[in-house]
1. From the list A165, A215, A143, A159, which one is closer than 23 Å to W85 by Cβ and of a type in the set (A, V, I, L, M)?
2. Anything in segment 312-334 that is farther than 13 Å from C345 by Cα and not in a helix (DSSP H, G or I)? List them, or say none.
3. Could you pull out the residue among V94, V31, V17 that is among the β-branched types (V, I, T), open to solvent by 70 Å² or more (accessible area, probe 1.4 Å) and over 26 Å from L344 (Cα atoms)?
4. For E235, all conditions in the list (1) touching an Asp or Glu at 6+ places or on another chain (Cβ under 9 Å); (2) farther than 28 Å from G15 by Cα hold save one; what is the number of the exception?
5. Does S237 meet the test of being within 13 Å of V120 (Cβ to Cβ), of a type in the set (S, T, N, Q) and open to solvent by 10 Å² or more (accessible area, probe 1.4 Å)?
6. Restricting attention to segment 27-43, does a residue exist that is part of a loop (DSSP other than H, G, I, E, B), closer than 30 Å to L109 by Cβ and not hydrophobic (A, V, I, L, M, F, W, C)?
7. Anything in segment 64-90 that is farther than 15 Å from W8 by Cβ, out of contact with any Leu (no Cβ under 9 Å at 6 or more places or on another chain) and not in a loop (DSSP other than H, G, I, E, B)? List them, or say none.
8. If you take just the helices (runs of 4 or more DSSP H) that sit entirely in segment 130-237, which of them hold at least 1 residues that are over 27 Å from P95 (Cα atoms)?
Amino acid sequence: MRGWWWLWSCCPGIGAVRMASLRGLARELDVGPDELWGWSIAQLRQALNWPDACLAAVDQFRQRKGLHPDLAVPSDVLLPGDRNWPTCLDHETVPPPALHCCGQKGLLLHLQQRQAVAVVGTRAASDHGIRTAQHLGQSLAAAGWPVLSGLAEGIDAAAHRGCLAMQGAAVAVLGTPLDRVYPRHHRTLQTKIGREGLLLTTHASGTSVRPGHFAARNRLLVLFARAVVVVECPERSGALITARFASEQRCPIWSVPGDISRWSCRGSNALLKDQAKPLLCPDDLLSYLGPGPLQPTQCSEREQALLRAIGPGASLPELVQRLKIPAGELATLLLAMESRGKLLCESG
């Protein structure tokens, strides 16, 4: 069914809201997306109450694709139900119909478990803000924490560059499709993150960019984050939208105290009144977070024995028999090693 859901998500006029209603209809009636593909316009109108213009566009799209369409899904696409799909997105009121990603897809496991730190702030940052964001990116990377940001000018880019300088895992959540670079002079940085870290977006190639896409991007940053750090931002800023989402999600917020006379620090300073902890140096945050999931660790004797027992591959019953330990204890050990990147669990 994966290819059918991808095909529906490509229909003109069907965004996240309508895709969610279509999936809801399929669950309610216990029908598949392939069956829905053959429904008449009248059936869809009665069941979904979509505008006539949308239904007409969907019908034209279906006619072009035919009754036996190509169901191939691009390699950069993740869909709900895929193994690497972050299931935290399924709890959203309107889950994204797909994710488009480029880079180290193993990092998706850490995003699913909120094992990353979001660093955000203003595009028009002071020299102090830029240095602080870069130093923070370096410190988090050295401690093994993936660094999340939005690849915007200023604070975002500085945090990414600091992370990459330490060979860390930079994760950029974009408000644009993967084939568009914004701002344009970040092409080299975006390419480097797509090679050494991970680029994520909910927008398919060719999608026109709208202001609301960046606010939605900020929400994704919070859903993937163990903590959010606001380095510097004015009173009207996307970083404050991120902080508000973080507060709603009960995600810890840290803010870097800034020059009280500088306009670009008024928003981040205001967070210190009642929403954020003051971040005076990266060590304060790292003491709170502890070691990151990517910090190199030595395998214990039990883990080494498990790796030897697995060899080129083994099932859970086989490992229980080889190691003579209870299945529950083995499952806990396997999960811990997978979360540290020592093992990869594959179906079949």
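The values are calculated or read from the model by the stated rules, or taken from the named source; none is laboratory data. Because the structure is a prediction, the values reported are computed rather than measured. Cβ coordinates were reconstructed from backbone atoms using ideal geometry, including for glycine residues, and neighbour counts include every protein chain displayed. These accessible areas exclude ligands, DNA and RNA; they are computed on the full protein's heavy atoms, side chains included. Shrake-Rupley method; radii C 1.70, N 1.55, O 1.52, S 1.80 Å.
1. A215
2. If the condition is that a residue be farther than 13 Å from C345 by Cα and not in a helix (DSSP H, G or I), then K324, I325, P326 are the ones that fit.
3. One residue alone meets the criteria, V17.
4. For E235, the failing item is (1).
5. Yes: the conditions hold for S237.
6. Within segment 27-43, one or more residues are part of a loop (DSSP other than H, G, I, E, B), closer than 30 Å to L109 by Cβ and not hydrophobic (A, V, I, L, M, F, W, C).
7. T87, D90
8. 155-165, 187-196
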